[in-house]
1. Which ones in the range 87-111 are in a loop (DSSP other than H, G, I, E, B) and open to solvent by 50 Å² or more (accessible area, probe 1.4 Å)?
2. Looking only at the range 193-209, which residues are among the aliphatic types (A, V, I, L, M) and closer than 18 Å to residue 240 by Cα?
3. With the requirement that a residue be aliphatic (A, V, I, L, M), buried (at least 22 other Cβ atoms within 10 Å of the Cβ) and touching a strand residue (DSSP E or B) at 6+ places or on another chain (Cβ under 7 Å), what does the range 21-41 give you?
4. Counting only residues that are closer than 14 Å to residue 23 by Cα and free of Cβ contacts under 8 Å to residues at least 24 places away in the same chain, which one in the range 77-93 is farthest from the chain's Cα centre (by Cα)?
5. Across the range 1-20, what is the number of residues that are surrounded by fewer than 21 Cβ atoms within 10 Å (Cβ to Cβ) and touching a residue at least 40 places away in the same chain (Cβ under 8 Å)?
6. Working only within the range 42-76, note down all residues that are touching a residue at least 40 places away in the same chain (Cβ under 8 Å), surrounded by fewer than 24 Cβ atoms within 10 Å (Cβ to Cβ) and part of a helix (DSSP H, G or I).
Amino acid sequence: MNNDLKAICKDIRLDTIRCIGHLGVGHIGGCLSIVELLGVLYFDAMHIDPKNPKMAGRDRLVVSKGHAGPAVYAALANRGYFDKAELLTLNQGGTNLPSHCDMNRTPGIDMTAGSLGQGFSCAAGIALGSKLENDGATIYAILGDGESQEGQIWEAAMFAAAKKLDNLIAFTDYNKLQIDDTVANVCDIAPLADKWRAFGWHVIEVENGNDAEAIKAAIAEAKLNRGSGRPTQVILHTVKGCGVSFIEEAGVANHNMNLSPEQTEAALREVEGAC
């Protein structure tokens, strides 16, 4: 991995742990699984300007799995959208950083996250609007694998293909776990790649979805697909809680997990030591 990008992803992971640890509880598993994706998007792939968050023609990111908000906030703070000190206000009274992303409260958030599935419909609508405006933007969306059990995901997938939204690149955080069991046991979404292809999407699979360089390569391929009339789905095979062994080992229990001060310090030490 590029050393600068490696350092960026380390900082995002550390700040995600700090803000959830300061609160004492949060969706740590699904936050840590998308750290590398956020690092690549905000620091390499996206055409954005932290000094002008509403810039016309900017690329947009819709985090449909909105409970990963703390990781998004950590990425935005590291990118310069707001001071890192604000991270310690996560989900507290008067904060601009609620647990789920809110475009009306947080600089850099392009769409509020509602019930699972809704964000992806919004991403498809934004991509259609961008096409109509001909503003040249790329619209990105991040989906959860448990979220992908929602029928609304597949309605939006069908719509995006029908409208030839090749300016839309979606990612599935395929960590195989959801709130109370494995995805396979709750309602299996496999074979996931075949489903997206059947809906008319260009599909890329990344076997190590926590590898920033592999994510960069997938995005480069997805951008080459522009002009084909097909949106792109990038399936990232990730590890829920990636980067902190005791959080990874917690499995299903890490979806929304308590973090004591001692556990927070242990997690920070492990990440610091690994990078």
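1. Residues satisfying the conditions are 91, 92, 93, 94, 96, 100, 103, 104, 105, 107.
2. 206
3. 28, 34, 37, 41, listed by residue number.
4. 93
5. The total comes to 9.
6. 44, 45, 67
To keep it simple, each residue is scored yes or no on (1) in a strand (DSSP E or B); (2) open to solvent by 10 Å² or more (accessible area, probe 1.4 Å); (3) modelled with pLDDT under 95; (4) farther than 23 Å from residue 133 by Cβ.
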site	(1), (2), (3), (4)
157	no, no, no, no
160	no, no, no, no
173	yes, no, no, yes
184	no, yes, no, yes
205	yes, yes, no, yes
210	no, yes, no, yes
230	no, yes, no, no
239	no, yes, no, yes
247	no, no, no, yes
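The values are calculated or read from the model by the stated rules, or taken from the named source; none is laboratory data. Computed from a predicted structure; not experimentally measured. Reconstructed Cβ throughout: ideal geometry from the backbone, glycine too, with neighbour counts over all protein chains shown. When the accessible area is computed, the model is the full protein with side chains, heavy atoms only, and any ligands, DNA or RNA have been set aside. Shrake-Rupley method; radii C 1.70, N 1.55, O 1.52, S 1.80 Å.
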